[in-house]
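**Q** I have a structure I would like to understand better, so I am pasting it below and will then ask my questions one at a time.
The values are calculated or read from the model by the stated rules, or taken from the named source; none is laboratory data. Keep in mind that this is a model prediction, so the values were computed, not measured. All Cβ positions, even for glycine, are placed from backbone atoms using ideal geometry, and neighbour counts span all protein chains on display. These accessible areas exclude ligands, DNA and RNA; they are computed on the full protein's heavy atoms, side chains included. Shrake-Rupley method; radii C 1.70, N 1.55, O 1.52, S 1.80 Å.
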Amino acid sequence: MLNRREFAIAAMAASASQIFPASAEEVWPSRLIRLVVPFPPAGANDVIGRVMADKLSKALGQTVIVENKPGAGGTIGATAVANAEPDGYTIMIGYIGNLAYARTIYKKLPYDPSTSFSAVSLVAKVPNVLVVNQSLPIYNVKDLIAYTKQNPGKMAFSSGGNGTAAHIGMAYLCHVAGISMVHVPYRGTAPSITDLIAGQVQATMAGWPGIRPFVQSGQVRAIGISSKVRVPYAPEIPTIAESGLPDFEAVQWYGIVAPSKTPKPIVNRLNAEIGTLLESPDLQKYMTNDGALPEKSTPEEFQKYIASEIERWRGVITEAGIEPS
């Protein structure tokens, strides 16, 4: 029989063994946590990653630093995280590109988005804004479809590169609308918008923060939002779904993942903290102002979502013949 003191010690040991790896000698988190952002600074992935790192540092009582590991459409950073120790001290702000598109685009991807990570939580969805050159007689999605059919071979859309959200979103739009447009890839969103304004291309999709000043100045015309519902920061722009293409949705999404086999209690702790943060009015306001719609999930829901998104976009990517730049 155990006395009261021995029982308490045994109970604490059992609890610790459930929360941390058997080899761990410290309580998690007891040191710095790396949040890998698989892109250079200043992009949407980096912006969302940095605000989450700041908030998580306060919630967890340990510093969470952002480590930018750009390259190959976000797959270099994802590979590094997939190969990291599953101890809760390396996590990543992944996105639709390296967790869904990449599975089909890259024939020899060094990780499997479905099995190489422990999904923690969805964080945000960022709808794309469909814009056209303001000199065209195109004021809505139906006009775009009709004009493209009336001018075969004369319509082109830009993107920030092969396999980007703009590329795949526009390819999906062409697919469901039954139209054909030439894809012109650029090295980044900024030059793709510059040439749209100049009339070198006729349309593109982009996140609201990057396209907002050009819409508000009248340099481009916004004709549709790629989410299923209108967005609070631009409620006057109709959704593509309500504009004649029911159920259309092509949003960028972001979420936190950890290396596969990260202890479940650590994943659950991170999920709980992220869920609480996403409910805070200040974080919601910050994200909304930056064109993102906060959205949380359970780890299981996010894991299933990643798998479903891989399958959903497989056909679009294959049909469009999308390959790495």
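**Q** Quick one: Val123 ticks every box in (1) in contact (Cβ under 8 Å) with a residue 60 or more places away in the chain; (2) of a type in the set (Val, Ile, Thr); (3) open to solvent by 10 Å² or more (accessible area, probe 1.4 Å); (4) within 28 Å of Gln216 (Cβ to Cβ) except a single one, so which number is it?
**A** (3)
**Q** Scan (1) closer than 21 Å to Asp247 by Cα; (2) surrounded by fewer than 22 Cβ atoms within 10 Å (Cβ to Cβ); (3) not basic (Lys, Arg) for the single condition Thr204 breaks and write down its number.
**A** (2)
**Q** Follow-up question, since we're still on this one. Please verify whether region 28-41 includes one or more residues that are over 27 Å from Met287 (Cβ atoms), open to solvent by 30 Å² or more (accessible area, probe 1.4 Å), at pLDDT 95 or above and not basic (Lys, Arg).
**A** yes
**Q** What's the total number of residues in region 244-266 that are over 15 Å from Glu300 (Cβ atoms) and assigned to a loop (DSSP other than H, G, I, E, B)?
**A** Here the count works out to 9.
**Q** Take region 207-243 and flag every residue that is assigned to a helix (DSSP H, G or I), within 18 Å of the chain's Cα centre (by Cα) and surrounded by fewer than 20 Cβ atoms within 10 Å (Cβ to Cβ). Spell out how you get there, then give the answer.
**A** Of region 207-243, the ones assigned to a helix (DSSP H, G or I) are 208-216, 241-243.
Adding the requirement that they be within 18 Å of the chain's Cα centre (by Cα) leaves 208-211.
Within region 207-243, Pro209, Gly210 meet the criteria.
**Q** Can you find a residue that is within 28 Å of Ile197 (Cα to Cα), surrounded by 20 or more Cβ atoms within 10 Å (Cβ to Cβ), in contact with a helix residue (DSSP H, G or I) (Cβ under 7 Å, 6 or more places away or on another chain) and hydrophobic (A, V, I, L, M, F, W, C) anywhere in region 70-86?
**A** no
**Q** Name the residues in region 59-100 that are touching a strand residue (DSSP E or B) at 6+ places or on another chain (Cβ under 9 Å) and part of a helix (DSSP H, G or I), would you?
**A** Once the filter is applied, which keeps residues that are touching a strand residue (DSSP E or B) at 6+ places or on another chain (Cβ under 9 Å) and part of a helix (DSSP H, G or I), region 59-100 yields Leu60, Gly74, Gly77, Ala78, Ala80, Val81, Ala82, Ile96, Gly97, Asn98, Leu99, Ala100.
**Q** Still on this structure, I have one more. Among the numbered conditions (1) in a strand (DSSP E or B); (2) crowded, with 20+ Cβ neighbours inside 10 Å; (3) charged (D, E, K, R), tell me where Lys55 comes up short.
**A** Here Lys55 meets the rest and fails (1).
**Q** Residues that are modelled with pLDDT under 95, open to solvent by 10 Å² or more (accessible area, probe 1.4 Å) and closer than 22 Å to Gly77 by Cβ: does region 257-279 have at least one?
**A** Scanning region 257-279, I find no residue that is modelled with pLDDT under 95, open to solvent by 10 Å² or more (accessible area, probe 1.4 Å) and closer than 22 Å to Gly77 by Cβ, so the answer is no.
**Q** Another one. Please list, ordered by first then second residue, the pairs with beta carbon atoms under 7 Å, 6 or more apart or interchain, first in region 132-144 and loosely packed, with under 14 Cβ neighbours inside 10 Å, second part of a loop (DSSP other than H, G, I, E, B).
**A** So the pair list comes out as Ser135/Gly199.
**Q** Still on this structure: Pick from Ala190, Ala203: which is among the hydrophobic types (A, V, I, L, M, F, W, C) and modelled with pLDDT under 95?
**A** None of the others qualify; the one that does is Ala190.
**Q** Out of curiosity, is Gly161 in contact (Cβ under 8 Å) with a residue 24 or more places away in the chain and buried (at least 24 other Cβ atoms within 10 Å of the Cβ)?
**A** no
**Q** Out of the residues in region 280-325 that are among the polar types (S, T, N, Q), assigned to a helix (DSSP H, G or I) and touching a residue at least 24 places away in the same chain (Cβ under 8 Å), state the one that is surrounded by the most Cβ atoms within 10 Å (Cβ to Cβ). So that I can check it myself, show each step before the final result.
**A** Step one: filter region 280-325 for residues among the polar types (S, T, N, Q), giving 280, 284, 288-289, 297-298, 303, 308, 318, 325.
Now drop any that are not assigned to a helix (DSSP H, G or I), which leaves 284, 288-289, 303, 308, 318.
Next cut, touching a residue at least 24 places away in the same chain (Cβ under 8 Å) only: 288-289, 303, 318.
On the way: Thr288: 16, Asn289: 12, Gln303: 19, Thr318: 11.
Taking the candidates together, the pick is Gln303.
**Q** Residues in region 28-51: is at least one free of Cβ contacts under 8 Å to residues at least 24 places away in the same chain, farther than 17 Å from Asp112 by Cα, in a helix (DSSP H, G or I) and under 22 Å from the mean Cα position of the chain (by Cα)? I'd like the intermediate steps shown before the answer.
**A** Taking region 28-51 and keeping what is free of Cβ contacts under 8 Å to residues at least 24 places away in the same chain, we get 42-43, 46, 50.
So of that shortlist, the ones also farther than 17 Å from Asp112 by Cα come out as 42-43, 46, 50.
Narrowing the set further to residues that are in a helix (DSSP H, G or I) leaves 46, 50.
Within this subset, residues satisfying the condition of being under 22 Å from the mean Cα position of the chain (by Cα) are 46, 50.
There is at least one residue in region 28-51 that is free of Cβ contacts under 8 Å to residues at least 24 places away in the same chain, farther than 17 Å from Asp112 by Cα, in a helix (DSSP H, G or I) and under 22 Å from the mean Cα position of the chain (by Cα).
**Q** May I ask you to verify whether Gly199 is open to solvent by 20 Å² or more (accessible area, probe 1.4 Å) and farther than 14 Å from Ile138 by Cβ?
**A** no
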